[in-house]
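Engineer: Before we start, here is the structure in question, set down as structure tokens.
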Amino acid sequence: MHREFKDLLHSAEGRSRRIIAIFLDVRGFSSFAGIAESTDTAEFLKSVYLKILDEYFPQATFFKPTGDGLMVLSGYDRDSLTDAVCSATDTSIRLVENFPSICEQDPMINFEVPAKLGVGLARGSATALEADGKVLDYSGRPLNLAARLMDLARPSGLVLDDTFGYELLPEEVQQRLSRESAYIKGIAEDDPMAVYTLDGFTEIPEYNKNPMNRFKPFTEPNEAISFKDLEERTPVYRHPLMHTPIGNAKPEIHVRYPRVQANGRKHPALHRTRTLKAEHVRVAGHDYAQVDYSTLVNEIKGTGVKRTWQINITVEYSINDDS
């Protein structure tokens with residue numbers, strides 16, 4: 001395949017096409033790949049790719065893997081625009097909702113796999129690199145934008161920009177989307193871009209709520225404590241900060257704790273992660289991220305985590321770019 005690609009490049013030409021770009025990313029794949037057997041990660045991707053292409057985007061005109069996700073493209077014109085926008089959005093929402101169980105019917109997948117998907121949608125004119133009637137690749141702003149919007153779809157869900165066609169969507173779909181503003185690296189660094197996110201799934205990362213040229217994300221060193229120690233930090237705890245947080249974004253507390261197996265034992269490799277919003281407070285000249293751990297402690301306790309098991313905590317916030 002790669003040799004044919006090389007041969008076709010000699011006669012390839014660029015042609016403009018109007019396309020809808022859908023970028024999909026499996027959340028948590030890097031952690032999964034780091035602990036799973038390589039044959040299992042390959043089997044998982046194969047199963048996911050086939051399901052997505054066969055059952056969700058069978059009419060795609062072009063697609064290719066992107067490491068731990070997919071790029072899916074489809075064409076449109078003036079007559080088909082509304083149908084194309086509605087179909088891409090509705091299908092993406094269904095895929096996000098169904099992704100946790102996408103491999104359940106595959107007998108080869110008898111191990112725990114990532115359960116969240118992030119999707120970015122954009123449309124416009126792109127360039128198709130073609131030779132002998134075959135499309136070798138695509139490039140252009142819609143692809144770059146869809147990839148950037150996909151990065152915003154965290155911890156899962158979908159994001160589409162203000163020019164995608166929100167007004168073309170049925171009312172029931174519009175009601176599931178919220179209009180927000182986001183700063184996007186390489187696209188909207190100084191002035192925010194209007195985007196729509198999927199309610200109940202997507203929350204714009206704090207880093208993307210500030211101008212890119214003034215702030216940068218900073219993560220405090222990881223803290224490893226026992227679950228007993230975390231319990232003792234309730235209801236309210238203040239994390240000391242090395243820098244003063246900048247901007248309107250609240251500090252985020254990322255709490256990573258072990259998964260509990262059916263036999264009540266700690267899984268040797270898999271973990272769960274929860275993110276809490278903290279308040280920036282200044283006491284006696286020192287900066288702190290103040291957070292209420294009560295609800296999370298009860299949630300973790302309910303999963304069966306033992307008091308001696310290790311919990312990892314990191315604090316993230318924005319600081320001046322010259323810090």
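The values are calculated or read from the model by the stated rules, or taken from the named source; none is laboratory data. Keep in mind it's a predicted model, so treat the numbers as computed, not measured. Reconstructed Cβ throughout: ideal geometry from the backbone, glycine too, with neighbour counts over all protein chains shown.
Engineer: Would a scan of the stretch 200-207 turn up a residue that is in contact with a Leu (Cβ under 9 Å, 6 or more places away or on another chain), within 27 Å of ASP90 (Cβ to Cβ) and part of a helix (DSSP H, G or I)?
Structural biologist: Scanning the stretch 200-207, I find no residue that is in contact with a Leu (Cβ under 9 Å, 6 or more places away or on another chain), within 27 Å of ASP90 (Cβ to Cβ) and part of a helix (DSSP H, G or I), so the answer is no.
Engineer: I've got another one for you. So LEU158 ticks every box in (1) in the same structural domain as GLU279 (by TED's automatic domain parsing); (2) assigned to a strand (DSSP E or B); (3) farther than 25 Å from TYR317 by Cβ but one. Which box is left unticked?
Structural biologist: Of the numbered conditions (1) in the same structural domain as GLU279 (by TED's automatic domain parsing); (2) assigned to a strand (DSSP E or B); (3) farther than 25 Å from TYR317 by Cβ, the odd one out for LEU158 is (1).
Engineer: Is there any pair linking a residue in the stretch 270-286 that is assigned by TED's automatic domain parsing to the domain that holds ALA249 and within 16 Å of GLU299 (Cα to Cα) to one that is among the aromatic types (Phe, Trp, Tyr) and part of a strand (DSSP E or B), with Cβ under 6 Å and at least six apart or on different chains, and which?
Structural biologist: Pairs that qualify, where the first residue is assigned by TED's automatic domain parsing to the domain that holds ALA249 and within 16 Å of GLU299 (Cα to Cα) and the partner is among the aromatic types (Phe, Trp, Tyr) and part of a strand (DSSP E or B), are ARG272/TYR257.
Engineer: When you go through (1) within 19 Å of the chain's Cα centre (by Cα); (2) of a type in the set (Asp, Glu); (3) at positive phi one by one for ASP132, which number turns out not to apply?
Structural biologist: Result: ASP132 passes all but (1).
Engineer: Only one of these conditions is not met by ALA289: (1) part of a strand (DSSP E or B); (2) in contact with a Phe, Trp or Tyr (Cβ under 6 Å, 6 or more places away or on another chain). Which number is it?
Structural biologist: For ALA289, the exception is condition (2).
Engineer: Kindly list the number of the only condition in (1) assigned to a strand (DSSP E or B); (2) under 24 Å from SER318 (Cβ atoms); (3) not aromatic (Phe, Trp, Tyr) that fails for ALA122.
Structural biologist: Single failed check for ALA122: (2).
Engineer: Name the single residue, out of those in the stretch 213-238 being part of a loop (DSSP other than H, G, I, E, B) and either surrounded by fewer than 17 Cβ atoms within 10 Å (Cβ to Cβ) or not assigned by TED's automatic domain parsing to the domain that holds LYS301 (or both), that is farthest from the chain's Cα centre (by Cα).
Structural biologist: GLU232
Engineer: Output the qualifying pairs, or none if there are none: Cβ atoms under 9 angstrom, residues six or more apart or on different chains, first residue in the stretch 216-240 and over 17 Å from SER318 (Cβ atoms), second residue in a helix (DSSP H, G or I) and small (Gly, Ala, Ser).
Structural biologist: THR234/SER294; PRO235/SER294; VAL236/SER294
Engineer: Sticking with this one: Looking at PRO114, is it touching a Phe, Trp or Tyr at 6+ places or on another chain (Cβ under 7 Å) and at pLDDT below 95?
Structural biologist: In short, yes.
Engineer: Quick check on ASN298: is it surrounded by fewer than 16 Cβ atoms within 10 Å (Cβ to Cβ) and in contact with a strand residue (DSSP E or B) (Cβ under 6 Å, 6 or more places away or on another chain)?
Structural biologist: No; evaluated as a whole, the condition is false for this residue.
Engineer: Would you check which residues across the stretch 94-105 are free of Cβ contacts under 8 Å to residues at least 60 places away in the same chain and either of a type in the set (A, V, I, L, M) or assigned to a loop (DSSP other than H, G, I, E, B) (or both) and list them?
Structural biologist: Hits for the stretch 94-105 are ILE102, CYS103, GLU104, GLN105.
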